[in-house]
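Novice: Right, I'll just put the structure down here and ask away after.
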Amino acid sequence: MDLFEKAVFLGRAAKWDVFEGEEGEEGGLPRCWIYRAAAGGRRVPIFKTLLSNACRNNCLYCANRADRPVPRFSLTPEEFARAFQFLWSRGLVEGAFISSSVEGDPDRTMEKILAAAEIIRRNMGFQGYLHIKIMPGAKAEYVRRALELGSRISVNLEAANEFILQKISPEKNFREILSLLEAGSRLREESSFPVALTSQIIIGLGEKDRDLLELSERLYRRFRIWRCYYSPFEPVPGTPLEKEPPAPKEREKKLYRADFLIRLYGFKASEIPFSEEGEILGSDPKLMWALLHPDFFPVDVNRAPYHKLLRVPGIGPRSARAILRVREKGGRVRTISELKALGVDVRRASPFIILEGRSPEASFTLPLELSRSEEEFLREVRRWF
């Protein structure tokens, strides 16, 4: 089997190596080779394939688990670099994501990953986007080398807590992975590496939304990671979890909405509206929070500070900054049309704001759909106020 045949097979295997990009297709090449990742404020096509799908671990959910009977292939660092150079030289990709299953030993696997990165950076002179995955169980010293070579590094926790990780990935250690995240955060701060640090958690394996968001808050506040990604569990044929149901896509969307509130809006995980079972209430956590805090509203658009504007449904960081710029120049926002021109979703915001001393036009209605259980919960909450 030649280089490109192996790359195609390992590209398909990389589908199960969770990644924040989107599948794409360029120039008739296999979809599995090219993904689009967020870099520099835009989506760029990147080369993504595993260095190896031979894995020593037996994670219950993974297509590449050691006990699953599938063909095993590996690329050398030189082969990976050549495949990338082929695509890059033709303008089909602008970066690469270097990952692998744990082939025999985490440190040896990291050596291969970093060797591929070295060839691409040093030998080829490539200075663009390079995402390097850190293997669970690897020594912290490899994190520094990855920070020196990569544009982004990922240290994936995979589970919301130690108990769940032990159940689904018995060979992995939650605290060891956390220590790698900590090392990445510390080394980046000490050496001023301009590298984004990310992590990923698989959802739908028994965790609660509250557990996930409390962990994410810790990662953002303590480890200063750039993003935490929530990857819905999908059952893979031939694995012990093949008969388990997939995680609902709607749950993924709600988690990201709540995550944005923590990461970008200044919310704490404890402020996200949860049910008694620890699940996010409603489809829009920010709107639900606003409904549960009538004492906070209405917000005067022409007087409120930035952090207070961010609490208004329909106002995000960009539109809040636009409002402040108008005020800093001595202007005022006087009408719904002006507010809309600044990027505010006026349909969502209008029930919660004041413009020029009065509420906006009453024609804007609250776009809220609640289930019966959510309506009962809200009625009960309102009795408390």
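Novice: Give me a count of the residues in the range 232-274 that are part of a loop (DSSP other than H, G, I, E, B), in contact with a strand residue (DSSP E or B) (Cβ under 8 Å, 6 or more places away or on another chain) and free of Cβ contacts under 8 Å to residues at least 60 places away in the same chain.
Specialist: Start the filter on the range 232-274 by keeping residues that are part of a loop (DSSP other than H, G, I, E, B), which leaves 233-248, 265-268, 272-273.
Pick out the ones that are also in contact with a strand residue (DSSP E or B) (Cβ under 8 Å, 6 or more places away or on another chain) and you get 233, 246-248, 272-273.
When the remaining residues are screened for being free of Cβ contacts under 8 Å to residues at least 60 places away in the same chain, the result is 246-248, 273.
Summing the residues that are part of a loop (DSSP other than H, G, I, E, B), in contact with a strand residue (DSSP E or B) (Cβ under 8 Å, 6 or more places away or on another chain) and free of Cβ contacts under 8 Å to residues at least 60 places away in the same chain in the range 232-274 gives 4.
Novice: Among (1) free of Cβ contacts under 8 Å to residues at least 12 places away in the same chain; (2) under 19 Å from Gly137 (Cα atoms), which single condition is Arg218 missing?
Specialist: Condition (2) is where Arg218 drops out.
Matching residues to (1) farther than 25 Å from Ile119 by Cβ; (2) in a strand (DSSP E or B); (3) assigned by TED's automatic domain parsing to the domain that holds Glu234; (4) within 28 Å of the chain's Cα centre (by Cα):
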residue	(1), (2), (3), (4)
Lys48	no, yes, yes, yes
Asn57	yes, no, yes, yes
Tyr61	yes, no, yes, yes
Val70	yes, no, yes, no
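Novice: Can you spot a residue in the range 159-167 that is more than 18 Å from Ile225 (Cβ to Cβ), assigned by TED's automatic domain parsing to the domain that holds Val195 and either basic (Lys, Arg) or modelled with pLDDT under 95 (or both)? If you could, list the steps in order and put the result at the bottom.
Specialist: Taking the range 159-167 first, the residues more than 18 Å from Ile225 (Cβ to Cβ) are 162-164, 166-167.
Adding the requirement that they be assigned by TED's automatic domain parsing to the domain that holds Val195 leaves 162-164, 166-167.
Now narrow it down to the ones that are either basic (Lys, Arg) or modelled with pLDDT under 95 (or both): 167.
Within the range 159-167, one or more residues are more than 18 Å from Ile225 (Cβ to Cβ), assigned by TED's automatic domain parsing to the domain that holds Val195 and either basic (Lys, Arg) or modelled with pLDDT under 95 (or both).
Every residue, every condition in (1) at pLDDT 95 or above; (2) farther than 22 Å from Ser270 by Cα; (3) among the basic types (Lys, Arg); (4) buried (at least 20 other Cβ atoms within 10 Å of the Cβ), yes or no:
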position	(1), (2), (3), (4)
Pro170	no, yes, no, no
Phe174	yes, yes, no, no
Phe193	no, yes, no, no
Ser199	yes, no, no, yes
Gly204	yes, no, no, yes
Leu212	yes, no, no, yes
Ser216	yes, no, no, yes
Leu219	yes, no, no, yes
Cys228	yes, no, no, yes
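Novice: How do the pairs read when you match residues in the range 318-347 that are at positive phi with residues anywhere that are exposed (fewer than 15 other Cβ atoms within 10 Å of the Cβ) and at pLDDT 95 or above, using Cβ under 7 Å and keeping only pairs 6 or more apart or on different chains?
Specialist: Gly343/Arg318
The values are calculated or read from the model by the stated rules, or taken from the named source; none is laboratory data. This is a predicted model, so every value here is computed, not measured. Every residue, glycine among them, receives a Cβ derived from its backbone with ideal geometry; neighbour counts consider all protein chains shown.
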